[in-house]
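Asks: Before anything else, here's the structure in question.
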Amino acid sequence: MKEAAADLGHLLVFAFLFCVGAFMVAPVITDVTMAALCPGQDQCSLAIYLTGLQQAITGLGALVVTPVIGNLSDRYGRKALLALPATLSIVPLAIMAFNQTRPYFYAFYVAKTLTAMVSEGAMMCLSLAYVADKVPEGRRAAAFGVFSGVCTAGFVGGTIAARFLSVSSTFQVATLASVAAAVYLRAFVQETDRGASLLRDEEASRLLFPPSSSPEEASPRLPPLRKVPSLSEMATLLTSSSTFTRAAVVTFFHGLGETGLQTALLYFLKAQFHYTKNQYANLLLIIGITGSFSQLTVMPLLAPRLGEQKLLVVALTGSCVHGFLYSIAWSFWVPYLAASCVILSILVGPCIRSIVSKKVGPSEQGMVQGCITGISSTASVISPLVFTPLTAWFLSETAPFNFKGFSLACAGFAMLVALTMSINMRPAEVQPDTR
């Protein structure tokens, strides 16, 4: 257990550094994009469409790449595959660290679009599979929450740094943080045994506590998948139980709404309240600090008491309030109030991933996490195609009626569908834990 805790500690340090580098540029990227494409303007349809196109291409690439990488990690190791997103994430940051003029922005745009197909989804997928290799099922929900909380803490650290740095210095420091993450991964993070030790403990526990033969209590396990997954194999995974099916639907509609918020929110705030870099940073700090507190404190406290399914319903309720409150913001301070709902909405991802993690064996964790990430990526492809023109339309002078937050309200309705589907989701079964 001490060895596993030390390994997880190194993984958490790597995740923190990775997220510092990745999210440090979030408060400045909107202003950089607007300055490169539409200097001196508060509304820019070209910037909105390019951002949406990038999200769609990235999501499509992640849909194809992430499940494959997750399955390959089941064969070749989590650390070996984690090195890929850790290294690729450095490239676009280094371009903007050199210069932020229009030609360099377009080079950054292309590099970010290509590298994000691998780096964004795969990092989370592989890291969660790493955690699942090290943590028994009964403690996995809390462990996923702690990992997500550390990632959010990295988000907070990067945002605080961006708040006090110039634009050029922000990209330079972000590049250094990403390089430090890749070096730390190589030097300190140890490869896992892909759950072999947990599998031995599970087999021992089955000898002591034979599983019930009733279908209500049995937790279906998929047969091991030893090659790159095909579409039919992923479809088999998602339809093997009602829990998987509902988790897939919830993941899709929540991802649809969440990506819609990401597509529209910053440009909405720019047009409606003339937000600048510092105001973006303040908003993201509220989101990051609240989310980090929730994942590190609320998730470990409530998950064992309520169970992942009930906590998922509570979290999705917070997501709906989050989206609808943004859409009707009537003053510059209302988005700050809406951001506080993250204390609940941030728990959606860890709850879903913990539920599906308990439905497969240790050697299929990469596969199942990759599939969930792939579904989320599918939503990331579709969402910009819907919300980008919707946002540009309602922020323009040709909007059919005066409701600049209409696209944000639509994102809230997508998350309401996810909430409805989650209500009857079957709770995940936990196998006896003798550790």
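Asks: Out of the total accessible area of the range 132-198 (probe 1.4 Å, heavy atoms of protein only), what percent is carbon and sulfur?
Replies: C and S atoms contribute 65 percent here.
Asks: ³J(HN,Hα) across the range 387-400 via Karplus (A = 6.51, B = -1.76, C = 1.60, θ = phi - 60°), whole Hz, x for Gly/Pro?
Replies: 3J(HN,Hα) across the range 387-400, in whole Hz: 7, 5, x, 5, 5, 4, 5, 7, 8, 8, 7, 9, 4, x.
Asks: Take the solvent-accessible surface of the protein heavy atoms, probe 1.4 Å, and return the percent of it on the range 269-409 that carbon and sulfur atoms account for. Intermediate values should be presented prior to the final figure.
Replies: Details: 3410 of 4830 Å².
C and S fraction of accessible area: 71 percent.
Asks: Sticking with this one: Short version: ³J(HN,Hα) in whole Hz for each residue of the range 304-311, in order, from phi by Karplus 6.51 cos²θ - 1.76 cosθ + 1.60 (θ = phi - 60°), x for Gly and Pro, what are they?
Replies: Values per residue, Gly and Pro as x: x, 8, 8, x, 4, 5, 5, 5 Hz.
Asks: Could you pull the accessible area for Thr317 with a 1.4 Å probe, rounded to 10 Å²?
Replies: Accessible area, nearest 10 Å²: 60 Å².
Asks: Can you give the accessible area per residue of the range 303-343, in Å², using a 1.4 Å probe? Working shown, then result.
Replies: Numbers: 1690 Å² over 41 residues.
Per residue, the range 303-343 has 41 Å² of solvent-accessible surface.
Asks: Kindly provide the pair-distance distribution of the range 50-157 built from C-alpha pairs, with 10 Å bins from 0 and whole-percent values in order of increasing distance.
Replies: Pairs per bin, as whole percents: 14, 36, 35, 12, 3, 0.
Asks: Here is a follow-up. Rolling a 1.4 angstrom probe over the protein heavy atoms, how many square angstrom per residue are accessible across the range 80-177?
Replies: Value for the range 80-177: 34 Å² per residue.
The values are calculated or read from the model by the stated rules, or taken from the named source; none is laboratory data. Computed from a predicted structure; not experimentally measured. Just so you know, the surface numbers come from the protein's heavy atoms only, side chains and all, with ligands and any DNA or RNA stripped out. Shrake-Rupley method; radii C 1.70, N 1.55, O 1.52, S 1.80 Å.
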